[in-house]
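Worksheet: one structure, shown below.
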Amino acid sequence: MTERYSDFYSCDNCEAEFIHLIDRLVENIRHLESKVVFLRYTLSNYLPHPDAELLLSDIFSDLSARCYDFPAYQKYMEKCCNGLDPADDEEYCKCLAKLARGESVANL
């Protein structure tokens, strides 16, 4: 074991720290996804008709991969999100839908 990881195995509050880390990563992913949708919509305004139409029809494609299958993520959803994936949060989905229509959203 390297010195770099020596504290990892003696962590008194590791579970809480992992939950906090996952929460921050989810927050960052949601922020980046919303930026991608916003930028795709904006770009569609500058593309010729067939390309713009194609971009708008795929505006949500290839966003981040979901982590449903990871036990740590399942535990995070259970402890912090009432068992629901934050990527499926109704408010978040409404925000993405507004961005996809070119409407501004206050929480970006």
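For helix 90-100, what angle does its Cα long axis make with the longest principal axis of the chain, in degrees from 0 to 90 and rounded to 10? For helix 90-100, the angle is close to 40 degrees.
Quick check on the chain: helices-only [θ] at 222 nm, where DSSP H runs of length 4 and up contribute -39,500 (n - 2.57) each and the sum goes over total residues. Nearest 500, please. After summing the helix terms and dividing by residue count, I get -18500 deg cm²/dmol. Just checking the listed ones, Ala72, Ala52, Ala16: in the Gaussian network model of the chain with Cα springs under 10 Å, the one fluctuating most is Ala16. Rank Cys80, Pro48, Leu63 by how far each Cα sits towards the positive end of the charge dipole of the chain (+1 on Lys, Arg Cβ; -1 on Asp, Glu Cβ) and give me just the farthest. Projecting each Cα onto the dipole axis, the largest value belongs to Pro48.
Cα axis of helix 71-80 to longest principal axis of the chain: angle in degrees, 0 to 90, nearest 10? Tilt of helix 71-80: around 80 degrees. Full extension of the chain between Phe60 and Ala97 gives 12.4 nm of extra length, using 0.36 nm per residue less the Cα-Cα distance.
For the stretch 38-84, list log₁₀ I(q)/I(0) at each q in 0.15, 0.30 Å⁻¹, using the Debye formula over Cα point scatterers of equal strength and ignoring solvent, two decimals each. The Debye formula, applied to the Cα set alone, gives -0.57, -1.02. When the Gaussian network model of the chain links Cα atoms closer than 10 Å, the mean-square fluctuations of Leu39, Leu96, Leu47 top out at Leu47. Please determine, in degrees from 0 to 90 and to the nearest 10, the orientation of helix 14-44 with respect to the longest principal axis defined by the Cα atoms of the chain, where the helix direction is its Cα long axis. So the helix axis and the longest Cα principal axis differ by about 10 degrees.
For the chain, pairs of C-alpha atoms spaced more than 24 angstrom apart make up 41 percent of the total.
Where a number appears in this text, it was derived from the coordinates with a stated rule and is not lab data. Note that the structure is predicted; figures quoted are calculated from it, not measured. Note: ideal-geometry Cβ built from the backbone for every residue, glycine included; neighbour counts use all protein chains shown.
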